[in-house]
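These notes concern the structure reproduced below.
The values are calculated or read from the model by the stated rules, or taken from the named source; none is laboratory data. Just so it is clear, the structure is predicted and the values come from calculations on it, not from any experiment. Glycine also receives a Cβ, built like all others from the backbone with ideal geometry; neighbour counts cover every protein chain displayed. Heavy atoms of the whole protein, side chains included, go into the accessibility calculation; ligands, DNA and RNA do not. Shrake-Rupley method; radii C 1.70, N 1.55, O 1.52, S 1.80 Å.
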Amino acid sequence: MIVVTGATGNVGRPLVKALAEAGEKVTAISRKPVVPTAPGAPSGVRHRQADLNDAAGLKAAFDGAGVLFLLLTGEWLAAGGDPNPILDAARSAGVRRIVHLSSQGVGTRRHSSHLEDAIKQSGLEWTMLRPGGFGSNAFQWAESIRTQRTVTAPFADVALPVIDPTDIAEAAAATLRQAGHSSRTYELTGPAPVSPRQQTAAIAEALGEHLRFVEQSPEEARTQMLRFMPEPVVDATLGILGTPSPAEQRVSPDIEHLLGRPPRTFAQWAVRNAAAFT
């Protein structure tokens, strides 16, 4: 059995669906209760409500699993969460291998490696997935697009190869289901760098109407981001968005290696999610 944490998020939801459709036994863990009969919910999935800070509850939810997809939320990280009780619960429940959704920032040293280090030292087999920026971060523009037909963002013409979360989910499903991925680290990106201005144009094309782009100053963006993100994460994120390194702008071959096809484009993501902006 495969256990998926963060099962209701942008990666967890399509991952659970992909695993269930492949015939895997899946336990989907989320902090909030899930209605298994909700429209679009895959059948045959065991849902468990559990908190990442409740080791006893996690052990019960992990029971019977061989492989764990571990996604540690930004909220959990901001609160100073300790991964070791989670890893202890996984070992006690019989988990043998962890696929961890990490971050490209660990490889470029923008972010701490302490979570990856803890997993590597846990005695469990491991696979690290390091995605760059998510295409779904564009959902933060949804309200201003719906109400003002405007996108406001910093660094208008700095391009990064953002990735479709569904590609992350499918890559995760491949590493969870297949042998040969232990002690491997995969960097996950989209097929080409795309700037905020270009993302806005792609959403506009998907909607079939004009959108206005307004460039924020870095200071304005920082003030806005501090409302919902801790300061170190804000500063690291603005560094990536504004002055990315060559490594952060590089297109990785790993999605194509894992899935046998190129990653989806941001324009494809925009078409698939156009309803969110109407």
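Observations on the model:
- Criterion (surrounded by fewer than 19 Cβ atoms within 10 Å (Cβ to Cβ), over 19 Å from L87 (Cα atoms), polar (S, T, N, Q) and at pLDDT 95 or above) met by exactly one of T166, T189, T150: T150
- Some residue of the stretch 208-227 being closer than 30 Å to H257 by Cβ, among the hydrophobic types (A, V, I, L, M, F, W, C) and touching a residue at least 40 places away in the same chain (Cβ under 8 Å): no
- Of everything in the stretch 8-34 that is of a type in the set (G, A, S), within 20 Å of I163 (Cα to Cα) and modelled with pLDDT of 95 or more, the residue that is least open to solvent (accessible area, probe 1.4 Å) is G12.
- Scanning the stretch 242-278 for residues that are closer than 24 Å to E143 by Cα and small (G, A, S) yields a total of 6.
- Filter result (under 15 Å from V26 (Cα atoms) and either aliphatic (A, V, I, L, M) or part of a helix (DSSP H, G or I) (or both)) within the stretch 59-89: A60, A61, F62, A65, V67, L68, L70
- N53 meets all of the listed conditions (1) open to solvent by 30 Å² or more (accessible area, probe 1.4 Å); (2) free of Cβ contacts under 8 Å to residues at least 60 places away in the same chain; (3) not in a loop (DSSP other than H, G, I, E, B) but one, namely (3).
- Enumeration of residues in the stretch 99-137 that are of a type in the set (D, E, K, R) and open to solvent by less than 20 Å² (accessible area, probe 1.4 Å): E116
- Condition met for T8 (of a type in the set (S, T, N, Q) and out of contact with any Leu (no Cβ under 9 Å at 6 or more places or on another chain)): yes
- All positions within the stretch 92-107 that are out of contact with any Lys or Arg (no Cβ under 9 Å at 6 or more places or on another chain) and either of a type outside the set (K, R) or at pLDDT below 95 (or both): G94, V95, I98, V99, H100
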